[in-house]
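Trainee: Got a structure for you, questions after.
The values are calculated or read from the model by the stated rules, or taken from the named source; none is laboratory data. Quick caveat, the model's predicted, so the values are computed rather than measured. Cβ sites come from the backbone with ideal geometry, for glycine too, and all protein chains shown count toward neighbours. Quick note on the areas: whole protein, heavy atoms, side chains included, nothing else; ligands and nucleic acids left out. Shrake-Rupley method; radii C 1.70, N 1.55, O 1.52, S 1.80 Å.
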Amino acid sequence: MTQLSTSDLPAVAGLVDHGTNDHGYGVFGLGSFTFERDEYFATVRWPSGHHRISADDFLRAIQRDIAWEFFYGTVNFDGVLGTVNHYGRVDVCAGRFSKEHQAAGMAHTETFPTEVVAEAFLTIADDWTNEGFDPFVAPRETGSAFGRKNGSNPEALRRRRVTAERMVGAPGDEPLRTDDNGHPVNAAFSDVPQDEPVVRAEAGFADELVAFNLFAYLSRSPVTFNPSVVSACRDSLACPTTEEYILPIIHGNDRVEWFIQLSDEMVWEIEDGATGAKRATVVMKAGDVSAMPADIRHQGYSPKRSMLLVWENASTQLPDLIASGTLPSHPDVWSAR
Ligand code: PHB
Ligand code: FE
């Protein structure tokens, strides 16, 4: 087994390849972090500590972090490891949101240019994902992440979120909704009607007025926990997603997010964003709407494949306005003014 001492690695800007370990997996360094996996676990080491995550959980989390370009705010892989997005720079953190790690002097954060972390994480995910394991799909739909290094799955890892310029169905934002172009209805949504709305536009407005069946569209999503932008109105982004099993990250918001549960049921565990202290459990049934405050972190559970609309305000000014107290972190405070 390869043994690494992190303390004597040089501080470097990009990923350092430390070769292959006895399990066949690459060992990598990023700054003073090292990343290693074996047949069951990913182990991350930093000068004052180390942490172990089940390899499947690690790969599902790092895959979302890469695909979402570090998302809004904090992407916690679990209660210890994660990234914080500064939109151009990214913090890679260990124990940052854990009082116990802080008290023990084991918390550690290093900041890198976004593209450095993006490239590093993609290299790690590529090397550590075996043939047959797809970190984007529901557990029942994929092979195993475990065992010795066995092939790779670059097609699965390079999926990007689908984003509409204006709205799915508008010219240029063609809906992907037929079996013919490789988007069959997921078995869990075989009861979702596939009929499309009829649009009768006045002459000359055929390109301006569009409509599509969002349920039918989502029933064909092959991935889980991967919100896609289906309509954009300035900073207002409608990002529906299909959910099954557990959100692979614990998302620490830097702005208010709205959820509309479109079908079935999800449970959200809500914790304090800075400490992880439990705050609430939110049960959302079809039709329920919730606003997730800017100072929390949350993880969703979907026992059966469900449809969720995440409504995001993508304004680049929001994190500073909220962090400085200029804007409240709760929408109810806003409405009470
Ligand atoms: C969120 O953190 O708000 C989030 C992320 C991915 C999802 C749903 C919600 O699929
Ligand atoms: Fe979130």
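Trainee: On a 0 to 90° scale, report how tilted helix 55-67 is relative to the longest principal axis of the chain, with both axes built from alpha carbons and the result rounded to the nearest 10.
Mentor: Once rounded, the angle reads 60 degrees.
Trainee: Tally Lys and Arg at +1 and Asp and Glu at -1 over the other residues with C-beta under 14 Å from the C-beta of Ser306: what net charge comes out? Write down the numbers at each step before the final one.
Mentor: Working: positive: Lys285, Lys304, Arg305; negative: Asp191, Glu243, Glu244, Asp264, Glu265, Asp288.
Around Ser306, the charge tally is -3.
Trainee: Using only Cα atoms, figure out Rg for the chain and give it as a multiple of 2.2 N^0.38 Å.
Mentor: Details: Rg = 21.0 Å, N = 337, 2.2 N^0.38 = 20.1 Å.
Relative to the rule-of-thumb radius for its length, the chain sits at 1.04.
Trainee: Given points 7 Å out from each Cα along the Cα-Cβ axis, report the Glu141 to Asp235 separation in nanometres with one decimal.
Mentor: 3.3
Trainee: Among all the lysines, which ones have a C-alpha under 30 Å from Lys285's C-alpha, if same-chain residues fewer than 8 places away are not counted?
Mentor: Partners found: Lys304.
Trainee: What list of ³J(HN,Hα) values in whole Hz, one per residue of region 254-259 in order, does the Karplus curve 6.51 cos²θ - 1.76 cosθ + 1.60 (θ = phi - 60°) give from phi, with Gly and Pro shown as x?
Mentor: Rounded to whole hertz, the list is 10, 7, 6, 10, 10, 10.
Trainee: Further question on the same structure: Any idea what the dipole of the chain comes to, in debye rounded to 20, about its Cα centre with Lys/Arg Cβ at +1 and Asp/Glu Cβ at -1? Each step should come with its number before you reach the end.
Mentor: Numbers: 28 positive and 48 negative charges, 117 e Å.
Charge dipole, the chain, about its Cα centre: 560 debye, nearest 20.
Trainee: Sticking with this one: Is region 157-288 rounded, prolate or oblate when judged by the Cα gyration tensor, a ≥ b ≥ c being the square roots of its eigenvalues, rounded requiring a/c under 1.5 and prolate requiring a/b larger than b/c? Walk me through the intermediate numbers first.
Mentor: On the way: a/c = 2.08, a/b = 1.66, b/c = 1.25.
It comes out prolate by the Cα gyration axes.
Trainee: Would you work out the relative contact order for the chain, in percent, from Cα pairs under 8 angstrom that are 6 or more residues apart?
Mentor: 13
Trainee: In addition: Excluding residues on the same chain fewer than 8 positions from Lys278, give the aspartates and glutamates whose Cα lies under 17 Å from its Cα.
Mentor: List returned: Asp78, Glu100, Glu269, Asp295.
Trainee: Ordering Arg148, Arg161 from largest to smallest accessible area (1.4 angstrom probe), what's the sequence?
Mentor: Final ranking, largest accessible area leading: Arg148, Arg161.
Trainee: Per the helix-only calculation at 222 nm, which mean residue ellipticity applies to the chain, given -39500 (n - 2.57) for every DSSP H run of n ≥ 4 and division by its residues, nearest 500 deg cm²/dmol?
Mentor: Working: 7 runs with 55 residues, N = 337.
About -4500 deg cm²/dmol.
Trainee: Which GluC sites (Glu not before Pro) in region 112-176 sit in a loop by DSSP (not H, G, I, E or B) and have at most 15 other Cβ atoms within 10 Å of their own Cβ? Could you put the intermediate results ahead of the total?
Mentor: Working: sites: Glu115, Glu119, Glu131, Glu141, Glu155, Glu165; in loops: Glu131, Glu165.
Those that pass, being in a loop and sparsely packed, are Glu131, Glu165.
Trainee: Considering only Leu122, His50, Tyr87, whose Cα is most displaced toward the positive end of the charge dipole of region 2-157, charges sitting on Cβ of Lys, Arg (+1) and Asp, Glu (-1)?
Mentor: Projecting each Cα onto the dipole axis, the largest value belongs to His50.
Trainee: What is the sum of charges, Lys and Arg at +1 and Asp and Glu at -1, for the other residues whose Cβ falls under 12 Å from the Cβ of Ala118? Intermediate results must be reported in sequence, preceding the final value.
Mentor: Numbers: positive: Arg89; negative: Asp65, Glu69, Glu115, Glu119.
Neighbour charge sum, excluding Ala118 itself: -3.
Trainee: What percent does the relative contact order of region 84-179 come to when contacts are Cα pairs within less than 8 Å and at least six residues apart? Mind dumping the intermediate values first?
Mentor: On the way: 95 pairs, mean separation 16.5, N = 96.
The value is 17 percent.
Trainee: Can I ask one more? Pop out the ³J(HN,Hα) list for region 292-299 in order, Karplus 6.51 cos²θ - 1.76 cosθ + 1.60 with θ = phi - 60°, rounded to Hz; leave Gly and Pro as x.
Mentor: These are the phi-based 3J(HN,Hα) values: 8, x, 7, 10, 10, 10, 8, 9 Hz.
Trainee: For Arg148 and Ala286, calculate 0.36 nm times their separation in residues minus their Cα-Cα distance, and state this gained length in nm to one decimal. Intermediate results must be reported in sequence, preceding the final value.
Mentor: Values: separation 138, 0.36 × 138 = 49.68 nm, distance 4.17 nm.
Extra length from Arg148 to Ala286 when fully extended: 45.5 nm.
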